[in-house]
Amino acid sequence: MAVCSVYPLNPNLLSHSLALSLSHHSHAYWSVESVSRIRRNGRKGSMTVRVLSTHSNAKILNPKRKSRYGHTFSLYDTDIGLDDWLLDDEFADPVDFEVDGKKRVNSQKKTSTREGGQRLFNSRTSKNTREKSMVGNFYGTKNRTKEADSSDINGQGKLMTGKSTEDRYPKLSEEIDLDEKWLPLLDYLSTFGLKESHFIQIYERHMPSLQINVCSARERLEYLQSIGVKHRDIKRILLRQPQILEYTVESNLKSHTAFLIGLGIPNSRIGQIIAAAPSLFSYSVENSLKPTVRYLVEEVGIDEKNIGKVVQLSPQILVQRIDVSWNTRYLFLSRELGASRDSVVKMVTKHPQLLHYSIDDGFIPRINFLRSIGMHNGDILKVLTSLTQVLSLSLEDNLKPKYKYLINELRNEVQSLTKYPTYLSLSLDQRIRPRHRFLVALKKAPKGPFPLSSFVPTDESFCQQWAGTSVDKYLAFRQQLLLKEFAKKYEKRG
């Protein structure tokens, strides 16, 4: 949460303003650098001060909210990270961590140890060969070269001429009081695709990140790439968690990497986990991350051998207020559908994103829809236990069209969904309609209700078992059908 104080630049008044802000926002820690966040307002001799929290979590937004940059978040768009549309009160409070070798402690009181969590979590990282090969594979040199000045070589090997600050970053210079000492870092970060607008976002989110020595930043980002973070993902990570530039390799990055490996996560997936939830580096391994895992095992009831799988499916679960998320959703499902604890645990293990879905905007509308088409609570529970992601599917673009096609075209009854709930997860345009129409065209469609089992196998198995023809012939038919459907939609829009 950002706290803005707008006053003429009077030191005495500024001190009073900051003291007042701190008294009402004790959850954020503040540093001397925060006071220097000065933005020009275009009037000569007049400036304003913006004081922002120096720690930021991955935002969890309600579905109707817009981002600070005007983008609308879609609750069911799988291209958007989960931590962009969860609820604000469901992240665990970050605790102490190190920034450039200095320990910082969140001023909010730490949450007490959860009851029932007495059994120590076995991290399985001690003397682990995989950990050594993964974590110790990066050589962080201690010899720091002298920080480059404005005439330096950027990350692409091109010589940066001695242009003025305004010439090199004109928009950024207009927005903030740009220090020339930041230029080497900006040049380096530009090699990851960051533009001036992105630097403004980083400045507003966490200004001290732009004051990091370029050598230190390079060491940290190169380490992340050495453990599997893709070059293309660095930009998104920095926009979401710019503080990562301040986290030291030895005291922070390596310990968190070792923690992930200790959960049984393969080396090949570590980079993807970090890209999906970069804020995990701001949480203490001992005081936050391990207790979260211990809660999942001891309180929720997830088998410890499945924890690595659960984290891979939903990395955000590590930085979520898991006790609140679990209790509210388990109580809702047990009261609304009569779900047993074991049933809900199965749902969470197979689809941990369940703990992120909004009850009001996710659970209730979809359960009501399934009831409206004739399903009883027991049927709904069977569907959700087998295919929990039904709670994330769009009603208008997914569930309703598939139900209509099931009844009107396939001549099936709604009860068939309890036996083949997978039908709801398959693409209507890419699989259901093409396979149905293909068998009809070949005059091989069975009489009576169309068998939903024909939609389950691969294209090769479908052609062999049901169509008795080549895969190429089926794919050609599907392509023509898709073009016809696209033409129809285009005509309706016209």
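Figures for the structure shown
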read-out	value
Summed residue charge, Cβ within 11 Å of SER372's Cβ, Lys/Arg positive, Asp/Glu negative	+3
Ordering of 213-221, 398-406, 343-351 by packing [mean C-beta count within 10 Å, highest first]	343-351, 213-221, 398-406
Exceeding the 25 Å Cα-Cα cut-off - candidates LYS350/LYS402; LYS290/LYS346; LYS350/LYS419; LYS254/LYS305; LYS235/LYS489; LYS402/LYS488	LYS235/LYS489
Cα-based equivalent ellipsoid of segment 291-347: semi-axis lengths in Å, sorted from largest, via gyration tensor	20, 12, 10
Dipole magnitude of segment 168-246, debye to nearest 20 (Cβ charges: Lys/Arg +1, Asp/Glu -1, about Cα centre)	440 debye
Carbon and sulfur %, accessible surface of segment 278-319 computed with the full protein complex present, 1.4 Å	39 percent
For segment 306-434, accessible area per residue (1.4 Å probe, heavy atoms of protein chains only), Å²	40 Å²
Apportionment of accessible area to carbon and sulfur, segment 426-493, percent (1.4 Å)	54 percent
Sequence-distant residues sharing a close amide H with GLN320 (under 5 Å, placed H)	ALA92
Two-decimal log10 I(q)/I(0) for segment 168-246, as the Debye equation yields it once each C-alpha is a single scatterer, q = 0.15, 0.22, 0.23 Å⁻¹	-0.46, -1.01, -1.11
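The values are calculated or read from the model by the stated rules, or taken from the named source; none is laboratory data. What you see is a predicted model; the values in this text were computed from it and never measured. Backbone-built Cβ (ideal geometry, glycine too); neighbour counts: all protein chains shown. For accessibility, only protein heavy atoms count, side chains too; no ligands or nucleic acids. Shrake-Rupley method; radii C 1.70, N 1.55, O 1.52, S 1.80 Å.
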